[in-house]
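Report on the following structure.
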């Protein structure tokens with residue numbers, strides 16, 4: 001800052017030299033009154049400019065973080081929902097009087113716009129994985145959304161149980177490997193692949209090729225020898241939808257259908273090179 005103040009002082013001296021009526025102010029002493037006033041003035045100018053820069057930065061940050069009505073805005077609002085708490089009208093907006101993270105039950109959220117409607121998928125956290133909101137929790141979230149929504153915007157809130165996956169396939173493993181080790185490792189790899197390891201990945205698409213890659217990475221599985229014979233998914237009481245490339249979950253997350261455990265739907269075949 002000292003150098004900046006000096007630079008401003010030098011500019012002031014340059015300007016002073018242009019005004020002959022100020023020639024009488026010619027003392028070289030640093031304690032000369034006019035020099036002290038120039039230093040003080042330069043310091044104030046520099047300080048004020050720095051304050052204005054900080055203010056501009058803060059204002060810009062507020063603008064950047066509050067793009068009203070965007071998908072990111074909706075997601076921040078949904079994650080900020082406090083179950084059991086009431087909104088109050090402060091500073092011309094509905095907000096919580098006190099922010100309490102222990103009441104913020106929505107841990108997973110995705111926002112998409114479908115035919116002019118903001119579709120909100122929300123889930124709580126159960127043992128580190130997405131879980132369906134209770135009836136009262138969902139009703140509270142809908143009421144909250146109706147208060148914070150931008151005027152004229154329609155929305156729909158979904159909180160569903162996981163989409164169920166049914167998978168049949170042949171897994172070829174090195175004949176020298178221990179099937180008692182390979183089989184649980186393959187099942188764990190599939191379970192981990194379907195798991196939502198980061199809230200950012202909530203509502204992610206299931207790609208069959210990436211699933212195959214995860215299986216092939218298991219020690220003992222023979223690289224290219226993974227045959228997905230059939231893979232299908234559904235949500236709730238709907239019929240299974242068979243797919244060959246990708247599938248978008250209705251709920252935002254997946255789990256293997258307990259009625260079709262991997263131990264019963266995957267066949268392990270020894271492979272001799």
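The values are calculated or read from the model by the stated rules, or taken from the named source; none is laboratory data. Fair warning: this is a prediction, and the values are worked out from it, not measured in the lab. A quick note on method: Cβ atoms are made from the backbone with ideal geometry, for glycine too, and the neighbour counts reach across all protein chains shown.
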If you take the residues in segment 64-97 that are modelled with pLDDT under 85 and in a loop (DSSP other than H, G, I, E, B), which one is farthest from residue 147 (Cα to Cα)?
-> 65
Residue hits (segment 195-223; under 29 Å from residue 107 (Cβ atoms) and touching a helix residue (DSSP H, G or I) at 6+ places or on another chain (Cβ under 8 Å)) are 206, 210, 211, 214, 215, 217
Only one residue in 225, 183 is in a strand (DSSP E or B), in contact (Cβ under 8 Å) with a residue 40 or more places away in the chain and not assigned by TED's automatic domain parsing to the domain that holds residue 94, so which one is that?
-> 225
Looking at residue 234, is it under 29 Å from the mean Cα position of the chain (by Cα), touching a residue at least 60 places away in the same chain (Cβ under 8 Å) and surrounded by fewer than 19 Cβ atoms within 10 Å (Cβ to Cβ)?
-> yes
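Report, by residue number, each residue of segment 115-144 that is under 20 Å from the mean Cα position of the chain (by Cα) and in a strand (DSSP E or B).
Matches in segment 115-144: 118, 119, 120, 121, 122, 123, 124, 125, 126, 129, 130, 131.
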